[in-house]
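Below: one structure, written as structure tokens.
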Amino acid sequence: SVNVGPSGDGVAVYWRDITERIEAEQSLRDFADRLEREIAERTRELREAVEELHQSRALYSAIFEHSPVDLVVTSVEPDGRIVCQEANPAWVRHSGYSRDAVVGRSLEEVLPPQQATFAKMQYLRAIETREPVEYEYTAEFPVGEVTRRSFLVPLPGETGRIDHVLLTSVDLTAMRK
């Protein structure tokens with residue numbers, strides 16, 4: 001600030017340079033405007049991504065629900081249990097098990113001991129090799145004796161550990177008979 005002594009009429013004049021403050025305020029306004037535009041752009045991108053995710057999820061859900069092929073998603077638990085996470089309507093129809101009877105349950109809880117042992121061996125092979133495993137079997141299910149060709153596809157998680165396995169299965173019973 002500049003202090004100018006008393007003028008002839010007894011009035012003191014003080015002058016203070018506020019250029020830096022005005023520039024700082026303008027800089028802040030510019031920054032706030034840029035930030036607001038960036039937030040609006042990121043919000044738009046996030047909304048688009050969420051919409052794409054919803055559409056993708058709806059598509060995968062429709063495929064899973066309406067597939068004529070049996071589909072079962074299982075998790076590989078840290079203790080080694082293979083637990084059913086989801087089973088599609090085709091699998092429910094072809095096996096005779098209700099969805100509620102299998103979801104959240106391990107192979108050993110759902111299948112008879114010999115079937116559970118055989119199935120677990122196939123799952124372990126897929127998990128250990130990290131490669132799809134194809135096999136055919138004939139077994140007793142609530143709908144009766146069935147013959148199926150199955151494929152187990154190991155699905156690695158974010159850490160690289162196989163934490164899910166997708167089972168796809170085609171009923172060959174009528175063809176084999």
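Values as computed for the structure displayed
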{"item": "Within the stretch 1-118, strands (runs of 3 or more DSSP E) holding 2 or more residues that are at pLDDT 90 or above and surrounded by 10 or more Cβ atoms within 10 Å (Cβ to Cβ)", "result": "70-76, 82-87"}
{"item": "Hey, residue 156 farther than 14 Å from residue 69 by Cα, in contact with a Leu (Cβ under 9 Å, 6 or more places away or on another chain), surrounded by fewer than 16 Cβ atoms within 10 Å (Cβ to Cβ) and of a type outside the set (Phe, Trp, Tyr) or not", "result": "no"}
{"item": "Residues of the stretch 130-153 that turn out to be open to solvent by 70 Å² or more (accessible area, probe 1.4 Å) and β-branched (Val, Ile, Thr), as a count", "result": "2"}
{"item": "Those residues of the stretch 125-171 which are among the acidic types (Asp, Glu) and either in a strand (DSSP E or B) or modelled with pLDDT of 95 or more (or both), in sequence order", "result": "128, 131, 134, 136, 140, 145, 163, 171"}
{"item": "Some residue of the stretch 123-140 being in contact with a His (Cβ under 8 Å, 6 or more places away or on another chain) and within 17 Å of residue 169 (Cβ to Cβ)", "result": "no"}
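The values are calculated or read from the model by the stated rules, or taken from the named source; none is laboratory data. This one's a predicted model, so the numbers in the text were calculated from it and none came from an experiment. Cβ coordinates were reconstructed from backbone atoms using ideal geometry, including for glycine residues, and neighbour counts include every protein chain displayed. Keep in mind that these areas ignore ligands, DNA and RNA; they rest on the heavy atoms of the full protein, side chains included. Shrake-Rupley method; radii C 1.70, N 1.55, O 1.52, S 1.80 Å.
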